[in-house]
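Engineer: This is the structure, below, for whatever I ask next.
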Amino acid sequence: MTFSATPEAGPVNPQATTPAEAASRPLVQIDGLTMYFPITSGILVSRHVGDVRAVDGVSLSIRKGETVGLVGESGCGKSTVGRTILRLYRPTAGRIVFDGQDITRVEGSSLRAVRRRMQMIFQDPYASLNPRMTAAGIISEPLEIHGVSSGRERRDRVRDLLATVGLDPDYGDRYPHEFSGGQRQRIGVARALALHPDLIVADEPISALDVSIQAQIINLLEHLQDEFGLTYLFIAHDLSVVRHISDRIAVMYLGKIVEVTGSRDLYERPLHPYSVALLSAVPIPDPAVETRRRRIILTGDVPSPSNPPSGCRFHTRCWLRERLGNPERCVEEEPVLREMATGHQVACHFAEEVDGTVEQVQVTGRPGKGAPAGSAGGGGPAGAGTVAGGAAASTATSPAGTSLAR
Ligand SMILES: Nc1ncnc2c1ncn2[C@@H]1O[C@H](COP(=O)(O)OP(=O)(O)OP(=O)(O)O)[C@@H](O)[C@H]1O
Ligand code: SF4
Ligand SMILES: [Mg+2]
């Protein structure tokens, strides 16, 4: 079942709206976005035997100038969401509306026109840059493909772009191997900026970089956002990376969004058991709090997206379900994203039970609901509505394989 986390998409004809409406509508709105990759078998005659359900009914909106972080474990479908929004894939189902225009099925010149406005920055700058092309060639390629400028004007534009991303404009005739990792990613950023895009999908843009360089690239992206009014979908597999750059964060698990809320809210009050587990891996820069925290280690394999678990896809690894006595509802009924507070949506039948649990209190490092001041992360009893929270906090390994590791 698909649930729209956002209001219904606006009109599909951008011309049919007033300037005020155009300014207030989201830049991107996806509703029930679904992307299945077929699995085939047979050598001579290929038979369709199943699907990798990479993205399965995802709804999300991104406002103009906003940065939305998309986070989840490897293989949960983050890149596929990004690539499908950019229409590098033809979605299996659902709808993509970009700046008021339904682009779900556009092709040909209409697709090319919209692609100019959406660009991607990739994880591995070395793999994504053609080693046989100079930096100038790489950066000017989108201009060439879209027939934008030529000759002197194009060369000047490339020099401008190199300077914009903090590289020496004279470096244009160098090859990718002559740059450091951080510099290569700057070239990737310059290429993405070449056509003055509105949306940039940054797919783990700093994961392959040294920690010392990561902050520089994040700062550059933030600076460029301010300068050019860019909108970002920022993909990462760990919550610490998206914390500062994101206005809102969507957490994905096995092809679905399980929680979406403001960045600060997610760190202060995560309400999905999976988000709590992800957050437990993010250090808090306060030694007093940090020593009292325990990491929630999700054991068990991540289920296959070609055969996801019934009901709630997270039920095979969920610490809360176990705490609640393994209710059948989690196995039988798929939870929909529901509004727990303004702008805070969670897909868990028992999200109310997460609030104030020892796990939530510990990962956020803040006092839980009903917890005395100063007890944050101290392993004290959980707040109202929590089942056996205190007992779990003092247990090294819980029965169903979810560990609370110091
Ligand atoms: N072109 C494709 N053909 C078939 N399966 C694919 C294709 N692209 C992705 N998949 C599968 O879809 C699922 C989601 O992949 P995706 O790359 O979107 O995940 P991800 O969250 O970006 O992972 P990572 O963090 O490792 O980059 C995976 O099971 C992957 O193997
Ligand atoms: S619906 Fe059940 S299995 Fe899914 S996250 Fe909530 S408690 Fe866990
Ligand atoms: Mg990916």
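The values are calculated or read from the model by the stated rules, or taken from the named source; none is laboratory data. All values reported here derive from a predicted model rather than from experimental measurement. Every residue, glycine among them, receives a Cβ derived from its backbone with ideal geometry; neighbour counts consider all protein chains shown.
Engineer: Hey, among the residues in region 223-234 that are more than 16 Å from Gly72 (Cβ to Cβ) and not in a helix (DSSP H, G or I), which one's nearest to ligand 2 (Cβ to nearest atom)?
Structural biologist: Per the criteria, the residue is Tyr232.
Engineer: Can you work out which of the residues in region 54-86 that are away from ligand 3 (no atom under 16 Å from the Cβ) and in contact with a Leu (Cβ under 6 Å, 6 or more places away or on another chain) is farthest from Glu339 (Cα to Cα)?
Structural biologist: Lys64
Engineer: Exposed (fewer than 14 other Cβ atoms within 10 Å of the Cβ), more than 16 Å from ligand 1 (Cβ to nearest atom), assigned to a loop (DSSP other than H, G, I, E, B) and not charged (D, E, K, R), is that true of Gly147?
Structural biologist: Yes.
Engineer: Name, by its number, the condition in (1) in contact with a strand residue (DSSP E or B) (Cβ under 7 Å, 6 or more places away or on another chain); (2) outside any loop (DSSP other than H, G, I, E, B); (3) touching a residue at least 60 places away in the same chain (Cβ under 8 Å) that does not hold for Tyr274.
Structural biologist: Here Tyr274 clears every test but (3).
Engineer: Give just the number: which of (1) out of contact with any Gly (no Cβ under 8 Å at 6 or more places or on another chain); (2) crowded, with 17+ Cβ neighbours inside 10 Å; (3) not in a helix (DSSP H, G or I) does Val201 not satisfy?
Structural biologist: Of the numbered conditions (1) out of contact with any Gly (no Cβ under 8 Å at 6 or more places or on another chain); (2) crowded, with 17+ Cβ neighbours inside 10 Å; (3) not in a helix (DSSP H, G or I), the odd one out for Val201 is (1).
Engineer: Considering only residues of region 180-231 that are over 22 Å from Ile249 (Cβ atoms) and of a type in the set (D, E, K, R), which is farthest from ligand 1 (Cβ to nearest atom)?
Structural biologist: It comes out as Glu227.
Engineer: Further, regarding this structure: Could you list all residues from region 96-141 that are touching a residue at least 60 places away in the same chain (Cβ under 8 Å) and assigned to a helix (DSSP H, G or I)?
Structural biologist: Passing the criteria: Pro125, Tyr126, Ser128.
Engineer: Right, here's the next one. Scan region 43-62 and report the pairs whose first residue is basic (Lys, Arg) and whose second residue is modelled with pLDDT of 95 or more, with Cβ atoms within less than 7 Å and a gap of 6+ or a chain change.
Structural biologist: Arg53/Tyr36; Arg53/Gly255; Arg53/Pro305; Arg53/Ser306; Arg53/Pro308
Engineer: Given the conditions (1) more than 10 Å from ligand 2 (Cβ to nearest atom); (2) more than 23 Å from Phe234 (Cβ to Cβ); (3) touching a residue at least 40 places away in the same chain (Cβ under 8 Å), which single one is not true for Glu322?
Structural biologist: Here Glu322 clears every test but (1).
Engineer: Which of the residues belonging to region 299-354 are under 15 Å from Tyr253 (Cβ atoms), hydrophobic (A, V, I, L, M, F, W, C) and not in a loop (DSSP other than H, G, I, E, B)?
Structural biologist: If the condition is that a residue be under 15 Å from Tyr253 (Cβ atoms), hydrophobic (A, V, I, L, M, F, W, C) and not in a loop (DSSP other than H, G, I, E, B), then Trp319, Leu320, Cys330, Val346, Ala351, Val354 are the ones that fit.
Engineer: So which pairs qualify, if the first residue must be in region 351-367 and in contact (Cβ under 8 Å) with a residue 60 or more places away in the chain and within 16 Å of ligand 2 (Cβ to nearest atom), the second must be of a type in the set (D, E, K, R) and part of a loop (DSSP other than H, G, I, E, B), the Cβ gap must be under 6 Å, and the two must be at least 6 apart or on different chains?
Structural biologist: Note: pairs meeting the criteria are Asp355/Lys369.
Engineer: Please indicate, with yes or no, whether at least one residue in region 232-255 is within 16 Å of ligand 1 (Cβ to nearest atom), at pLDDT 95 or above and at positive phi.
Structural biologist: Checking region 232-255: at least one residue is within 16 Å of ligand 1 (Cβ to nearest atom), at pLDDT 95 or above and at positive phi.
Engineer: So how many residues does region 210-239 have that are over 18 Å from the mean Cα position of the chain (by Cα) and either surrounded by 21 or more Cβ atoms within 10 Å (Cβ to Cβ) or closer than 30 Å to Ser150 by Cα (or both)? Reasoning before the result, please.
Structural biologist: The first filter runs over region 210-239 and keeps only residues over 18 Å from the mean Cα position of the chain (by Cα), leaving 210-213, 215-216, 219-220, 223-224, 226-229.
Still in the running and either surrounded by 21 or more Cβ atoms within 10 Å (Cβ to Cβ) or closer than 30 Å to Ser150 by Cα (or both): 220, 223-224, 226-229.
Residues flagged as over 18 Å from the mean Cα position of the chain (by Cα) and either surrounded by 21 or more Cβ atoms within 10 Å (Cβ to Cβ) or closer than 30 Å to Ser150 by Cα (or both) within region 210-239 amount to 7.
Engineer: Looking at region 280-297, is at least one residue closer than 29 Å to Gly94 by Cβ and either β-branched (Val, Ile, Thr) or away from ligand 3 (no atom under 16 Å from the Cβ) (or both)?
Structural biologist: Initial filter on region 280-297 (closer than 29 Å to Gly94 by Cβ): none.
No, region 280-297 has no match at all.
Engineer: What are the residues in region 235-271 that are among the charged types (D, E, K, R) and outside any loop (DSSP other than H, G, I, E, B), if any? It would help to see each step written out before you state the result.
Structural biologist: Of the residues in region 235-271, the ones among the charged types (D, E, K, R) are 238, 243, 247-248, 256, 259, 264-265, 268-269.
The answer is Arg248, Lys256, Glu259, Arg264, Asp265, Glu268.
Engineer: Select from region 78-95 the residues that are more than 10 Å from ligand 1 (Cβ to nearest atom), surrounded by fewer than 21 Cβ atoms within 10 Å (Cβ to Cβ) and either of a type in the set (Gly, Ala, Ser) or outside any loop (DSSP other than H, G, I, E, B) (or both) and list them in ascending order.
Structural biologist: Ala93, Gly94, Arg95 - these are the residues of region 78-95 that are more than 10 Å from ligand 1 (Cβ to nearest atom), surrounded by fewer than 21 Cβ atoms within 10 Å (Cβ to Cβ) and either of a type in the set (Gly, Ala, Ser) or outside any loop (DSSP other than H, G, I, E, B) (or both).
Engineer: Which residue out of Glu66, Glu107 is over 21 Å from Gln345 (Cβ atoms) and either out of contact with any helix residue (DSSP H, G or I) (no Cβ under 8 Å at 6 or more places or on another chain) or among the aromatic types (Phe, Trp, Tyr) (or both)? Lay out the reasoning, then the answer.
Structural biologist: Numbers: Glu66 fails: over 21 Å from Gln345 (Cβ atoms).
Of Glu66, Glu107, the one residue that is over 21 Å from Gln345 (Cβ atoms) and either out of contact with any helix residue (DSSP H, G or I) (no Cβ under 8 Å at 6 or more places or on another chain) or among the aromatic types (Phe, Trp, Tyr) (or both) is Glu107.
Engineer: Can you tell me which residue within region 295-336, out of those that are over 21 Å from Tyr36 (Cα atoms) and touching a helix residue (DSSP H, G or I) at 6+ places or on another chain (Cβ under 6 Å), is surrounded by the fewest Cβ atoms within 10 Å (Cβ to Cβ)?
Structural biologist: If we take residues in region 295-336 being over 21 Å from Tyr36 (Cα atoms) and touching a helix residue (DSSP H, G or I) at 6+ places or on another chain (Cβ under 6 Å), then Leu298 is surrounded by the fewest Cβ atoms within 10 Å (Cβ to Cβ).
To keep it simple, each residue is scored yes or no on (1) at pLDDT below 95; (2) within 16 Å of ligand 2 (Cβ to nearest atom); (3) surrounded by 20 or more Cβ atoms within 10 Å (Cβ to Cβ).
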site: Gly57; (1), (2), (3): no, yes, yes
site: Thr67; (1), (2), (3): no, no, yes
site: Val97; (1), (2), (3): no, no, yes
site: Ser109; (1), (2), (3): yes, no, no
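Engineer: Still on this structure, please answer the following. Ile296 passes all but one of (1) assigned to a loop (DSSP other than H, G, I, E, B); (2) in contact with a Phe, Trp or Tyr (Cβ under 8 Å, 6 or more places away or on another chain); (3) among the β-branched types (Val, Ile, Thr); which number fails?
Structural biologist: The number of the failed condition is (1).
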